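The block underneath contains the structure these notes are about, expressed in structure tokens.
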Amino acid sequence: MLRRISLLIILSVAISMVASSLVFAGNNKKLTVLAIVWVKPGLEDKTRGELLKLVPLTHQEPGCLNYDMHVNIDLETLKENPRIYMFYETWLSREDWDLHMKMPYLQNWVKMSGDLTEKIELTIWGMEEENTNPTFRGGVSPDPTEKFSLLAQVYIKPGLEDVARKELLSLVPLTHAEPGCINYDMHVNLDIDTMAPNPRKVLFYENWYNYKVWKIDHMKSGYLVRWFDMAPKLTENIVLTGWRMMNFGEKYEPVQWKAVVK
């Protein structure tokens, strides 16, 4: 009996080890990738269609945690700019992203991208560990068609990295407590070749129930006003850009957003 139990335990461990080795390319820290695509004039529809094709294919990769395509929107008028797209990607490891970059459908896109795009900017990031998460707090469920995404890129002055990081980290749990927050994730830039962190570049990827809760509720909150008051002392620049997350099955016509909230 003991021998049988021992054999079963050994077999179970062996199966588990084989299974884990087959599923993912690596077991390193999760990796965030930001890809921004600038489209040549007159090629907006064709490029949009080709980019949308990548989404369901990439979602099937075992190392892909999320692969979200966005179209740029003006932060004042909310008008879509069909010449700028952004992919926000999360991978289980650097190895899994490297495998993705070798996929035939992505290689096919890379070959045609020279004819369709003005440039593509690829950066990689490490997400900060967070002890809090946004939670739905009741009331009217958010309309997914009104979801608003934001990128905040923060460039920190030399020598002030530790102070700025502490102040930026303090924003995360406070923002997670806001009723309209879907996610609010802080990242540190990584060198694309060596993976060395660059603490002078910080990225926030944010999703909100709608534009209003970001523009009115979040941007005018006391703690964020305080941050922007001190930001000139700590940062060289802060770049905010607005985005709408896309459904890979949708048609290519721009979405008509509701009236701008002033």
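Is the range 132-139 home to any residue that is modelled with pLDDT of 95 or more and either crowded, with 19+ Cβ neighbours inside 10 Å or charged (D, E, K, R) (or both)? Checked the range 132-139: no residue is modelled with pLDDT of 95 or more and either crowded, with 19+ Cβ neighbours inside 10 Å or charged (D, E, K, R) (or both). For the range 174-200, the set of residues classified as within 13 Å of the chain's Cα centre (by Cα) and of a type in the set (S, T, N, Q) consists of ASN183, ASN189, listed by residue number. LYS215 passes every criterion in (1) more than 18 Å from PHE87 (Cα to Cα); (2) at pLDDT below 95; (3) not acidic (Asp, Glu) apart from (2). From the list LEU203, LEU224, LEU171, the lone residue that is assigned to a helix (DSSP H, G or I), surrounded by 14 or more Cβ atoms within 10 Å (Cβ to Cβ) and within 19 Å of the chain's Cα centre (by Cα) is LEU171. The residues of the range 38-73 that are among the acidic types (Asp, Glu) and either touching a strand residue (DSSP E or B) at 6+ places or on another chain (Cβ under 6 Å) or closer than 15 Å to GLU89 by Cβ (or both), listed by number, are GLU44, GLU61, ASP68. Of the residues making up the range 174-200, those that are more than 28 Å from MET246 (Cα to Cα) and either in the same structural domain as THR32 (by TED's automatic domain parsing) or in a strand (DSSP E or B) (or both) are PRO197, ASN198, PRO199, ARG200.
For LEU122, are the conditions met, namely being within 15 Å of ALA35 (Cβ to Cβ), at pLDDT 95 or above and over 18 Å from the mean Cα position of the chain (by Cα)?
Working: within 15 Å of ALA35 (Cβ to Cβ): yes; at pLDDT 95 or above: yes; over 18 Å from the mean Cα position of the chain (by Cα): no.
Answer is no for this residue.
The values are calculated or read from the model by the stated rules, or taken from the named source; none is laboratory data. Because the structure is a prediction, the values reported are computed rather than measured. Cβ atoms come from the backbone with ideal geometry, glycine included; neighbour counts cover every protein chain shown.
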